[in-house]
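Okay, so here's the structure we're looking at.
The values are calculated or read from the model by the stated rules, or taken from the named source; none is laboratory data. Worth saying up front: this structure is predicted, and the values here are computed from it rather than measured. Quick reminder, even Gly has a Cβ in these numbers, built from the backbone with ideal geometry, and neighbours come from all protein chains shown.
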There are 2 protein chains.
Amino acid sequence: MSTKTSEVDLLIIGAGPAGLMAAAWASRCGLNTRIIDEKDSRIRTGQADGLHCRTLEIMDSFGTPSIAADILGEACVIKEIASWNPKESCEEHIERSETIRSGEEDLPGSRYPQVSLSQGSVEQAFLNFLERDDNSSRVERNLSPAKLHVDEASVEDNDAYPVEVHLRELGKYETAGSLEYTATQEPIKEIIRAKFVLGTDGAHSWTRKALGLEMEGDRTNKHFGVMDFIPRSNFPDIRISCAIHSSAGSIMTLPREKGLVRFYVQLAETSDLGDNFDRSKITPDDIINTSRKIMQPYTLDYSHCDWFSVYTVGQRLAKTFSHHNRVFLAGDAVHTHSPTMGAGMNVSMQDSYNLVWKIATAIHTGNREILQTYNTERMATAKELIEKDRAMSEFYCQGPSADSKKYKDFREGFRDFVSGVSVTYGPNMLVSSAGKIDEDGNEKMTNDDTGSGEIKHDKPTRRKDSQQSLPQIYSDPKLATGTTLGQRLPSYHVTNHFTAEDDHIHRAMKSDGRWRILLFPGDLANPPRFRSIRDLGAKLEATSSFINRCTPSDQAIDSVIEILTIHTSNRNSFNALDLPDIFHPWNDKLGHDYWKIFAKNNEVGDDIYKSFGIDEEKGCLVVCRPDQHVGYIGSLEDLETVGQYLERILLPKR
Amino acid sequence: MSTKTSEVDLLIIGAGPAGLMAAAWASRCGLNTRIIDEKDSRIRTGQADGLHCRTLEIMDSFGTPSIAADILGEACVIKEIASWNPKESCEEHIERSETIRSGEEDLPGSRYPQVSLSQGSVEQAFLNFLERDDNSSRVERNLSPAKLHVDEASVEDNDAYPVEVHLRELGKYETAGSLEYTATQEPIKEIIRAKFVLGTDGAHSWTRKALGLEMEGDRTNKHFGVMDFIPRSNFPDIRISCAIHSSAGSIMTLPREKGLVRFYVQLAETSDLGDNFDRSKITPDDIINTSRKIMQPYTLDYSHCDWFSVYTVGQRLAKTFSHHNRVFLAGDAVHTHSPTMGAGMNVSMQDSYNLVWKIATAIHTGNREILQTYNTERMATAKELIEKDRAMSEFYCQGPSADSKKYKDFREGFRDFVSGVSVTYGPNMLVSSAGKIDEDGNEKMTNDDTGSGEIKHDKPTRRKDSQQSLPQIYSDPKLATGTTLGQRLPSYHVTNHFTAEDDHIHRAMKSDGRWRILLFPGDLANPPRFRSIRDLGAKLEATSSFINRCTPSDQAIDSVIEILTIHTSNRNSFNALDLPDIFHPWNDKLGHDYWKIFAKNNEVGDDIYKSFGIDEEKGCLVVCRPDQHVGYIGSLEDLETVGQYLERILLPKR
């Protein structure tokens, strides 16, 4: 009997949040994708529940109907965080020490708050998205990978499908997760030959084990109970997030959707109990009883326990996130830590968000070198996550903090990271260098993104990187001091030139695989300025321009690189339809694209020039990668360098 | 052969916007409903396309996932309206005279803009809503009513199903709309016996004809071409709404979704052409050619015509909107006019939004007198619509206005009405009287809502209205001068006491059939104030309270009348969980309802006390009907009058 064999661009193993994010992104990038999961449904209760503003930005960027809107319709918004400590006059009772704003929506250029929602509902929002999208793959369930083989001879061949994965269907009496990584004797249902494979199969990742990769790190002896329940309590802060420290122990609380609340309750350190701590014996009543002691004088009871678990604090990281730049790992498969920061699901989804557009570019251009930036960019982020988590766990286990300023600084420090907006990728092929004009600390940065010892595993060995001999590309970050090379562009309000609608600039930067050049020409009502931008448009749409060279001839001029223009003029002071078509390309079915020219003036009162640190007289251009991270900043006059920068990445190699 | 017979609470004939609104509302009110339509699908192109802020408020009020959000994801927002007139220096060319904000979102207590979207997409948003909602009916298509009979002997019997409607399935070769109102010889597929029937079957309403009702009014001799198309033009205001007057004629424009633009183009007056104007000979090219002359010196061409039509200006109104308070008519079935205001679809949907909750109340309480308010409330609105439309049509046909202030005043005058937020229902059973303390003009108002000669048809004749002998109920509108009796409550931001989330108070006033008492107690951190509101809560939840008397004993205390409290205190200054349960009722599955107590302080900076004209020291209570219209305003001390007011409407008659 011959086994069915299929070829795909991308096979995703595991349909949790990171895998589903990859599937959504792959559909937007036009990849031929399969996504499999050994479970027969999405998870129903418990697990991760924190969502931060950068994650919601990404979810919204996939377009209408918005995954973010879907989630915000159900999720619980975390607006405040309170700190409760022992009462001075009565040590057994707690009192509120301080209430602070959670404030992720107050971060520079951010527009979403921190929210909480069960992982199952987050998965459902993605499943709804995939269901509505005709181009996307659907999750294939009850399918388990049985063998993974990478044909090393063809990993450098752009037309090859070098990764072979054998799939088994789970039998009626098998349970997901019970399969060992061994060649099984059961019949193989299908063989998938993939250009690329992404393993998003969780902390016990089959894919990681198949690659022979170990996790490195430790567990502590600190145990916490986690419980999602309907509380009956007169504790006044039951619907905001709290850090409660009392003489009886610590609790962290997080309000949740549908009247639920999540408690993280400090249970014990192993040494306290000898080595006899037995996680399996902990019950919901134990967790509530411990909580009740900590929360004196407030009452606490519950009518329904939705989910509970016990975890031991620990942090672990894989040595590498990729194998020959053909098999990649993301999420819990390569980094695990404690859940109290509510960061894990976010970092995991952001892993695959970092990767998928690079795979699409590699397939379309033959330029696979860019794939090594996945490992460097995301491993640095994972390391920071793990350091932060270690610090936070220690902080919470220490108990009441006498120094509330220290507490506040600490929370703010990790808020910026956890929110996702401060994640910054160092210089590499996709992020130009700040160059000599940068401050001291940055001078060490180079475009060599394989410099770290840890990622040697991933360095292409058989083919000399032809790009390494190319000259370094330097940005001029002084032209937009409110943006950061390698960081996601902050978002501010602008007014659509044609429709007068106010919206965030991010809303014009959809995740559809395109690169974007944001032009900041200043005042176009000034005739010389108008003429110079008209001439710039003519250059950009010339047959020999880098835009035309990077765009397949059968595709629209804005299908690979899109131009967005943000001027400072009164909208009625010049006729933008007199600018060249590249600023508002024509399409027979949809007419002109009126959604590419904006005025900085808007009713909200944001000033995007000021916020981005752009001089209205000088102007500048900012190039954003398909994931909205800033790749290049330069002057309006120097089209040559921006062309060089983009052609290295986007010019087809064949 | 016996024909299948079914019984329903409500049969809706016609699944256009008004019928679909009724179906959505009926599902939220728990009515057993059927909705039929003779067409085999929703409309695909053309027809109505204007949506105004009150309509979007209503759509959002049905809850998550929001119909309004669905529509806003697709619709085109109308931010600006420009006026173009002949250029002084060159009469053949037009120039921009003025640009004003459309500004519906700037109206008091409003939170939605004016938008445009094709009627088909609006219908689709409702169909999606019905599809997702397990309790709702689905549209049954290819079904045409063949006979309607009202059993007059049982119209006053609360248990009866006095309206019988025979249904025929449309055959393969029949076209929707081709059936005459005659008893047909074709077999009847089903007989529906309904408590109530709503005819939302359009300008040629079968239901209206079945009741023998005529439309009254006239047509003019003015003809307009309407066209939805993809323009290719250098006219700079092609993506905002314009009123263009030139020596060659007038155009009104409305930008639309998917790159479309709608033009209303003045074609001819019949007298100009003798009586030879033949609508059927007009082509899209004719409409564009006429437009091109009007829009000199700008270019105009088109790549795709989505829909076009020719209409003759006219206004017509039915004599009554109801028959024995058992069969009702709504939308185009009872009022038709010209489309240029973009109001028709809105007023039509608001007709059925006014009706359905009253039907639910009549069924649940046996109190059918309230149904006559449908006719009085909505006929008054329809008359205003028709007057406004007549004025607007004349205004546009007059051509260029020398007086731009007059134009502005005119637009603002009809904007308030068209937006839907200024619609005000006079005193009747459901709207208490402003009483003696009101200004002169209102002294004539009485609770007798059957006073108009035109609606005698609808006056119950067989049963003396027992309520007529009851004393009039008077509000004290001075306690909340920023609200208007009979008008929908404006919406401002408040902060949820427990979650710290800011949102519009409207978001807490979902369309679920409940009445709401909004309490404004001022500062609850003040102990005597806290005690008095605690005592008020105790009275409200007492077994003998009007709330308990109006609520079936097997239902939750907040299922008929809900209490919302908005205080002025710092949220951390008192423990709201120490207030009686009626302020945050307990439910075993969902815990306490933390979404009923709010603080006026919020990050947006709205002041709901100030905006509502409420004195923080005095406080007050405002009762809103299930459609958010203000029914009663009184002091916190006088529970007796509010009880009287609500018991008249909600106390079960059996």
Point to revise | Looking only at region B:185-220, and only at residues there that are over 19 Å from residue B:355 (Cβ atoms) and among the β-branched types (Val, Ile, Thr), the one that is modelled with the highest pLDDT | key: B:191
**Study point:** Unique match (being within 29 Å of residue A:359 (Cβ to Cβ) and in the same structural domain as residue A:477 (by the TED database)) among A:577, A:564
**Key:** A:564
Review point. Restricting the search to region A:203-227, which residues are outside any strand (DSSP E or B) and not acidic (Asp, Glu)?
Key: A:203, A:204, A:205, A:206, A:207, A:208, A:209, A:210, A:211, A:212, A:213
Study note, to complete from the structure: Wholly inside region A:560-633, strands (runs of 3 or more DSSP E) that include 2 or more residues that are within 14 Å of chain B (Cβ to nearest Cβ) and not polar (S, T, N, Q) are A:597-599
Exercise for review: Could you look through region A:14-70, keep only residues that are touching a Phe, Trp or Tyr at 6+ places or on another chain (Cβ under 6 Å) and among the β-branched types (Val, Ile, Thr), and pick out the one that is surrounded by the fewest Cβ atoms within 10 Å (Cβ to Cβ)?
Suggested key: A:45
**Study point:** Search result, residues across region A:203-227 that are in contact with a helix residue (DSSP H, G or I) (Cβ under 6 Å, 6 or more places away or on another chain) and either within 14 Å of another protein chain (Cβ to nearest Cβ) or buried (at least 20 other Cβ atoms within 10 Å of the Cβ) (or both)
**Key:** A:205, A:208, A:222, A:225, A:227
Exercise for review: Being at pLDDT 95 or above, touching a Leu at 6+ places or on another chain (Cβ under 6 Å), within 27 Å of residue B:28 (Cα to Cα) and not aromatic (Phe, Trp, Tyr) narrows it down to one of B:485, B:489, B:518, B:540, so name that one.
Suggested key: B:518
Review point. Within region A:161-173, restricting attention to residues that are in contact with an Asp or Glu (Cβ under 9 Å, 6 or more places away or on another chain) and not in a strand (DSSP E or B), which residue is modelled with the lowest pLDDT?
Key: A:171
Practice item. Return the pairs, sorted by first residue and then second, in which the second residue is among the basic types (Lys, Arg) and surrounded by fewer than 19 Cβ atoms within 10 Å (Cβ to Cβ), the first residue lies in region B:372-401 and is in contact (Cβ under 8 Å) with a residue 40 or more places away in the chain and under 18 Å from residue B:354 (Cβ atoms), the beta carbons are less than 9 Å apart, and the residues are 6+ apart or on different chains. Key: B:372/B:459; B:386/B:316
Review point. Taking region B:247-271 as the search range and keeping residues that are part of a loop (DSSP other than H, G, I, E, B) and away from chain A (no Cβ under 14 Å), which one is nearest to residue B:49 (Cα to Cα)?
Key: B:248
Exercise for review: Those residues that are within 14 Å of another protein chain (Cβ to nearest Cβ) and either under 27 Å from residue B:335 (Cβ atoms) or part of a strand (DSSP E or B) (or both), I need them from region B:228-246; list them, please.
Suggested key: B:228, B:229, B:230, B:231, B:232, B:233, B:241, B:242
Check your understanding: Just a yes or no: is a residue in region B:254-272 over 36 Å from the mean Cα position of the chain (by Cα), more than 19 Å from residue B:97 (Cβ to Cβ) and surrounded by fewer than 23 Cβ atoms within 10 Å (Cβ to Cβ)?
Key -> yes
Exercise for review: Examine region A:296-315 for a residue that is away from chain B (no Cβ under 14 Å) and more than 28 Å from the chain's Cα centre (by Cα), and state whether such a residue exists.
Suggested key: yes
Check your understanding: Which condition breaks for residue A:557 when tested against (1) part of a loop (DSSP other than H, G, I, E, B); (2) within 14 Å of another protein chain (Cβ to nearest Cβ); (3) surrounded by 18 or more Cβ atoms within 10 Å (Cβ to Cβ); (4) not polar (S, T, N, Q)?
Key -> (2)
Practice item. Go over the candidates B:422, B:401 one by one and state the one that is outside the structural domain of residue B:152 (by the TED database), at pLDDT below 95 and not in a helix (DSSP H, G or I). Key: B:422
Exercise for review: Select from region A:496-529 the residues that are within 14 Å of another protein chain (Cβ to nearest Cβ), outside any strand (DSSP E or B) and more than 21 Å from residue A:355 (Cα to Cα) and list them in ascending order.
Suggested key: A:497, A:498, A:499, A:500, A:501, A:507, A:524, A:525
Check your understanding: Which ones in region A:339-351 are outside any helix (DSSP H, G or I) and surrounded by fewer than 24 Cβ atoms within 10 Å (Cβ to Cβ)?
Key -> A:342
Point to revise | Residues that are of a type in the set (Ser, Thr, Tyr) and away from chain A (no Cβ under 12 Å), drawn from region B:56-110 | key: B:61, B:83, B:89, B:110
Check your understanding: Is there a residue in region B:22-45 that is touching a residue at least 40 places away in the same chain (Cβ under 8 Å) and closer than 30 Å to residue B:298 by Cβ?
Key -> yes
**Study point:** Search result, residues across region A:328-338 that are closer than 12 Å to residue A:203 by Cβ and in a strand (DSSP E or B)
**Key:** A:329, A:335, A:336
Practice item. Determine which member of the set A:238, A:287, A:294 is of a type in the set (A, V, I, L, M, F, W, C), free of Cβ contacts under 8 Å to residues at least 40 places away in the same chain and surrounded by 20 or more Cβ atoms within 10 Å (Cβ to Cβ). Key: A:238
